[in-house]
């Protein structure tokens, strides 16, 4: 997967968005919304910073990681529905039920994941749940998460768009 956290405007905004989403997921999880179902472990994506951190902690080479662990489904660190590296788990796991794609951040599992449903309720009315995957417009998510947007001095304006 291409590293979407590069130094571009989109990368900066995405990193800020992921950091805020991570806080929301932790808050909602702390009140018991997560059912510990393991859905977040079905298709793991390891960003370069995740691979580096995990390899260092487990004292394994990046080559070994790539050859034996990366790309396995479910996650190679999931055992009896428990994450063996929970404190080191990848960013993508930490922000589940949000999933990162090169073109944005999506809330998935609405209706089948208690955590996703609770987060969705915080953003939208319950009666608007119509799909298992929800594309939340970036501007709405930024507003909800109180992220400074493109018109604010804290974020450089990208002239390409």
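Every number here is computed from the coordinates shown, using simple stated rules; none is lab data. What you see is a predicted model, and the numbers here were worked out from it, not measured in a lab. Neighbour counts are summed over all protein chains in view; Cβ atoms, including those assigned to glycine, are modelled from backbone coordinates with ideal geometry.
Just a few scattered comments:
- Ascending count of other beta-carbon atoms within 10 Å, so fewest first, for 50, 19: 19, 50
- Counting every alpha-carbon pair across region 44-122, the share separated by more than 15 Å comes to 62%.
- Ordering 106, 65 by the number of other Cβ atoms within 10 Å of each residue's own Cβ, fewest first, gives 106, 65.
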